[in-house]
Number of protein chains: 2
Amino acid sequence: MAIPAKALYFSFVAHFLAAALAAMVLVWSFHFRGGLAWEATDKNLIFNLHPVLMLIGFIILGGEAIMSYKSLPFNKEVKKTIHLALHAVALVLGIVGIWAAFKNHNESGLANLYSLHSWLGIGVIVLYAIQWIYGFVVFFYPGGTSNIRRESLPWHVLFGSFVYVLAVGNVCLGFLEKLTFLESSGLYKYGSEAFLINFTAIATILYGAFVFLTVLSSHTPPLDDHSYSAI
Amino acid sequence: MAIPAKALYFSFVAHFLAAALAAMVLVWSFHFRGGLAWEATDKNLIFNLHPVLMLIGFIILGGEAIMSYKSLPFNKEVKKTIHLALHAVALVLGIVGIWAAFKNHNESGLANLYSLHSWLGIGVIVLYAIQWIYGFVVFFYPGGTSNIRRESLPWHVLFGSFVYVLAVGNVCLGFLEKLTFLESSGLYKYGSEAFLINFTAIATILYGAFVFLTVLSSHTPPLDDHSYSAI
């Protein structure tokens, strides 16, 4: 299903939302939650790495990796390398972000892996890694036969889309879970921090929607290869 | 993007998951949460209507409405009527389900509309209603010109998919929110009720995935119009 509109315009909206998202999660961490740290006596500072790394590292870079095929004016091989590299960085930052959550739980004596957010999170990172390895082996190195590539491509796009939707949804579960804990500890339900967290979650959904609009749109940017065009 | 596989097989898996989901949410409501009621001194029984109506009424019927175009062996006009009617029933049951949540909050003295789940829920039901009205007017009665229909169709599918993904995701937010409240009131984090709720949420995601696999698959069932086929 192709959408009769230009990928480039959708990707601009997505980049704008990505910048807004990064700003919002940093304002939340530094202004409202005391900043970030890997080693600290205040274990909340370790936790704060989790939303920052998952949102900026995993969701934003993962979305840019997905869009790179449709929104960049390079040839196919260059775009493939960018796609692969951005997803690799997203995956590594995602793993470090999950590690930060476990580190916070373990050092604070909190239970691990009981909530839907944690279950889906483990599922998403495992499926993302499987998808990356499959993509690397079949489309990059050593590379499958042209038959395998052609038959794999729609499933690669479909499975990748499914995992990315799960990732975006899981960020919303995480924001809701954290905010529910904060509100049950006395944070005002209609206060500025609560609104900031909820608006960040909604902007994350919109970012995901514009990533998919970019992918589904039917026009790709022209390849500027400095050659003459036939008139 | 069409998937080279048969819609019918995916829709069978979706129907099976729908039956399992309905059973799970009813077991939760009746076995663990004391059953359903519209008027009750135990206001929790009013709340229990909310997940049952949203899951069975809104998500399951909404998914069946989406799949009906690809999975039923009828002609286009019959399938269009079924699609429209199932979505109408889903919408009405969804509105009653949301009404039950407000009724429970108001009679229990709980705050309304502060959580991401409530915000997205209002957004989803409004977008769903807009989509239904647009579909009715353009594709059913009085019906747009063939040009408007042709240009509307990809956007109708895309916008409908977006709203349905939001609906499925919002069910997960709801399960997480309710379970977090129950656990903060002492429910065992690794107990059978907690597992049932989390498994219901994951089965809801799988149902949504199979609804989309049905829609994206390239084969539709043959139209059994009792005519002879050319050999």
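Considering each of B:Lys70, B:Lys103, B:Lys43 in turn, give the residue that is at pLDDT below 95 and either surrounded by 14 or more Cβ atoms within 10 Å (Cβ to Cβ) or within 24 Å of B:Phe159 (Cα to Cα) (or both).
Working: B:Lys103 fails: at pLDDT below 95; B:Lys43 fails: at pLDDT below 95.
Of the residues listed, the single one that is at pLDDT below 95 and either surrounded by 14 or more Cβ atoms within 10 Å (Cβ to Cβ) or within 24 Å of B:Phe159 (Cα to Cα) (or both) is B:Lys70.
Only one of the numbered conditions (1) open to solvent by less than 40 Å² (accessible area, probe 1.4 Å); (2) out of contact with any helix residue (DSSP H, G or I) (no Cβ under 9 Å at 6 or more places or on another chain) is violated by A:Gly123, and that is (2).
If we scan segment A:160-167, do we find a residue that is more than 19 Å from the chain's Cα centre (by Cα) and of a type in the set (Val, Ile, Thr)? No, because not a single residue in segment A:160-167 is more than 19 Å from the chain's Cα centre (by Cα) and of a type in the set (Val, Ile, Thr). Return yes or no: is B:Ile202 open to solvent by 30 Å² or more (accessible area, probe 1.4 Å), assigned to a helix (DSSP H, G or I) and more than 10 Å from chain A (Cβ to nearest Cβ)? The answer is no for B:Ile202. Residues considered: A:Phe58, A:Phe16, A:Phe10, A:Phe30. Of these, the only one that is surrounded by fewer than 16 Cβ atoms within 10 Å (Cβ to Cβ), under 27 Å from B:Ser161 (Cβ atoms) and hydrophobic (A, V, I, L, M, F, W, C) is A:Phe16.
Filtered by the rule that a residue be of a type in the set (Ser, Thr, Tyr) and facing chain B (nearest Cβ under 10 Å), segment A:148-173 gives a lone residue, A:Ser161.
Comparison of A:Phe162, A:Phe181 shows that the only residue that is loosely packed, with under 13 Cβ neighbours inside 10 Å and under 25 Å from A:Leu21 (Cβ atoms) is A:Phe181.
Here's the yes/no breakdown for (1) within 25 Å of A:Leu158 (Cβ to Cβ); (2) without any contact (Cβ under 8 Å) to a residue 12 or more places away in the chain; (3) within 14 Å of chain A (Cβ to nearest Cβ):
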site	(1), (2), (3)
B:Pro4	yes, no, yes
B:Phe12	yes, yes, no
B:Ala23	no, yes, no
B:His87	yes, no, no
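Scanning segment B:139-165 for residues that are out of contact with any Phe, Trp or Tyr (no Cβ under 7 Å at 6 or more places or on another chain) and either β-branched (Val, Ile, Thr) or farther than 21 Å from A:Ala2 by Cα (or both) gives B:Phe140, B:Tyr141, B:Pro142, B:Gly143, B:Gly144, B:Thr145, B:Ile148, B:Val157, B:Val165.
State yes or no: is A:Ala22 touching a strand residue (DSSP E or B) at 6+ places or on another chain (Cβ under 6 Å) and small (Gly, Ala, Ser)? I'd like the intermediate steps shown before the answer.
Working: touching a strand residue (DSSP E or B) at 6+ places or on another chain (Cβ under 6 Å): no; small (Gly, Ala, Ser): yes.
In short, no.
Select the helices (runs of 4 or more DSSP H) contained entirely in segment A:50-156, then report the ones holding at least 3 residues which are over 19 Å from A:Phe212 (Cβ atoms).
Details: elements: A:61-71, A:76-108, A:116-135.
Where helices (runs of 4 or more DSSP H) fall fully within segment A:50-156 and carry at least 3 residues being over 19 Å from A:Phe212 (Cβ atoms), they are A:76-108, A:116-135.
The values are calculated or read from the model by the stated rules, or taken from the named source; none is laboratory data. In this text, all values refer to a predicted model and were calculated from it rather than measured experimentally. Here Cβ is always computed from backbone atoms with ideal geometry, including for glycine, and neighbour counts include all displayed protein chains. Note: areas computed on protein heavy atoms with side chains; ligands, DNA, RNA excluded. Shrake-Rupley method; radii C 1.70, N 1.55, O 1.52, S 1.80 Å.
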